Amino acid sequence: MSDRLLLHVCCGPCSMHPLSVLVNEYGADNITGLFYNPNIHPKEEFSKRRENALIAADHYGINLVTSDDLMLDKWRKYGPVENKLRCMMCYDLRLEYAAKYAASNGYNAFSTTLLVSPWQDHQYIIDKCNALAEKYGIRFHYEDYRTGYRQGQEMAKAIDLYRQKFCGCMWSAPAAIRESIILP
Ligand code: SF4
């Protein structure tokens, strides 16, 4: 039986480069994407990113499972300044969900498109995924996709994907968006 990979997908543009590599390694039929990102605020932004993740998955012929979970209150508890704890919570939540999903649905390995971004805490993500692999008895597929970040963005541009200007949560959003979410 061939290896089956569950790929946590944070957004369409970030999935372009990793998928261009992974479909050659596993075959499109053996890869499932998982869009689980309750950190993307507000709802309109969440829907736009999910829609574009589906377009990218379709481009590579892979199936993408999506979740509606959106957790505004969990993020409202954090402060306005760049907060390492908040990002750790954000990585932990999404990666744990992906690893658990992979283990419970018969995948041999899991990975994440967060590994393509030069803006994310790459080493923290590696350490967390290794710990989750051990916890759930599956393999963490690691590659440093950052070398293909620019290429992936160009590929996203070529198929007209929406390329967001902020990380995702209310604290990373432009002031006007942030205030509309935070203020009652
Ligand atoms: S800045 Fe990005 S990684 Fe950090 S909590 Fe917000 S969405 Fe998550």
> If we keep just the residues of segment 149-159 that are among the hydrophobic types (A, V, I, L, M, F, W, C) and outside any loop (DSSP other than H, G, I, E, B), which is nearest to the ligand (Cβ to nearest atom)?
Replying inline: A156
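The rows are residues; the columns are (1) surrounded by fewer than 20 Cβ atoms within 10 Å (Cβ to Cβ); (2) more than 13 Å from the chain's Cα centre (by Cα); (3) closer than 17 Å to E143 by Cβ; (4) polar (S, T, N, Q).
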position: H8; (1), (2), (3), (4): no, no, yes, no
position: C11; (1), (2), (3), (4): no, no, no, no
position: H41; (1), (2), (3), (4): no, yes, no, no
position: F46; (1), (2), (3), (4): yes, no, no, no
position: K74; (1), (2), (3), (4): yes, yes, no, no
position: L85; (1), (2), (3), (4): yes, yes, no, no
position: C90; (1), (2), (3), (4): no, no, no, no
>> If G148 satisfies all but one of (1) touching a residue at least 24 places away in the same chain (Cβ under 8 Å); (2) surrounded by fewer than 16 Cβ atoms within 10 Å (Cβ to Cβ), what's the number of the condition it fails?
In response: (2)
> Identify, please: which residue in segment 93-148 is hydrophobic (A, V, I, L, M, F, W, C) and outside any helix (DSSP H, G or I) and is, among those, farthest from N37 (Cα to Cα)?
Replying inline: I138
> In segment 115-127, which residues are surrounded by 14 or more Cβ atoms within 10 Å (Cβ to Cβ) and either within 14 Å of the chain's Cα centre (by Cα) or among the hydrophobic types (A, V, I, L, M, F, W, C) (or both)?
Replying inline: L115, V116, S117, Q120, D121, H122, I125, I126
> What tally of residues in segment 160-184 results from selecting those that are open to solvent by less than 50 Å² (accessible area, probe 1.4 Å) and away from the ligand (no atom under 16 Å from the Cβ)?
Replying inline: 1
>> Can you tell me which condition R94 does not meet? The list is (1) touching a residue at least 40 places away in the same chain (Cβ under 8 Å); (2) open to solvent by 20 Å² or more (accessible area, probe 1.4 Å); (3) within 16 Å of the ligand (Cβ to nearest atom), and all the others hold.
In response: (2)
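The values are calculated or read from the model by the stated rules, or taken from the named source; none is laboratory data. Just so you know, these numbers come straight off a predicted model, no measurement behind them. Using ideal geometry, Cβ is built from the backbone for each residue, glycine included, and neighbour counts are taken over all protein chains shown. Accessible surface areas use protein heavy atoms only, side chains included; no ligands, DNA or RNA. Shrake-Rupley method; radii C 1.70, N 1.55, O 1.52, S 1.80 Å.
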